[in-house]
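Below is one structure, written out as structure tokens; comments come after it.
The values are calculated or read from the model by the stated rules, or taken from the named source; none is laboratory data. None of these values were measured; they are calculated from a predicted model. No Cβ is skipped: glycine too gets one built from the backbone with ideal geometry, and neighbour counts run over all protein chains shown.
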Amino acid sequence: MIRIELIHERGNELDGHLVYDESQYSFRFDIYSPVDALERSGDAGQASLMVGTLQVEVGVETGELLYAWGLHPRSRWTEGRLKSPFASPGVIRIIKASELQRGVGMSVAGVGEWCTVYDSTTGWLCISPDDPPPDQVQVRIATDTVLGIQDMHLNSIWLRPEFD
């Protein structure tokens, strides 16, 4: 598992628009300010953390986790009840950003290792290895994108997309 640390709970989330494209079975994050994204990622490009085929984009220079995107077929989601995450905007960085390489993904979990629960009443979905523990720290890194951290490890990804 890749170690990450919460740099600070308060901060600005990356502004954008999270969309699930049903015809492509995937998420995309439309960034409102490319300049802001470049400042957060640095000049060395981006890499990603992978949970199956879902990816969390990471700035190679800064180690900052930016937003979620990628293939994540809805046919594998289960319907369930979720409490909306209680998250403050903030920044999360990988401790050893020197391990990142531009354009290369680092696996957190393989395909099918984490489950996805979708609550159609709240619009939230949670991707996690099991039920998210109540004592995890939840940080909103981007619009409608929350990461759960426990013991300095990524423990859940919470997304509330618009469906296209």
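Things worth noting here:
- Candidate set from the stretch 120-160 (those that are surrounded by 20 or more Cβ atoms within 10 Å (Cβ to Cβ) and part of a loop (DSSP other than H, G, I, E, B)); member that is modelled with the lowest pLDDT: P132
- Residue match in the stretch 107-121 (condition: touching a residue at least 24 places away in the same chain (Cβ under 8 Å), out of contact with any helix residue (DSSP H, G or I) (no Cβ under 9 Å at 6 or more places or on another chain) and within 16 Å of F29 (Cβ to Cβ)): no
- Within the stretch 46-97, considering residues that are among the β-branched types (V, I, T) and surrounded by 15 or more Cβ atoms within 10 Å (Cβ to Cβ), the one nearest to H17 (Cα to Cα): V56
- Against the criterion of being among the β-branched types (V, I, T), closer than 19 Å to I4 by Cα and out of contact with any Leu (no Cβ under 8 Å at 6 or more places or on another chain), I95 qualifies.
- Scan of the stretch 17-42 for residues that are among the small types (G, A, S) and part of a loop (DSSP other than H, G, I, E, B), ordered by number: S23, S33, G42
- Filter result (outside any strand (DSSP E or B), of a type in the set (D, E) and farther than 13 Å from S98 by Cα) within the stretch 43-69: D43
- Residues of the stretch 1-16 that are of a type in the set (K, R) and either part of a strand (DSSP E or B) or at pLDDT 95 or above (or both): R3 alone.
- Unique residue being under 11 Å from A142 (Cβ atoms) and either in contact (Cβ under 8 Å) with a residue 60 or more places away in the chain or not acidic (D, E) (or both) when the list is R81, R40: R40
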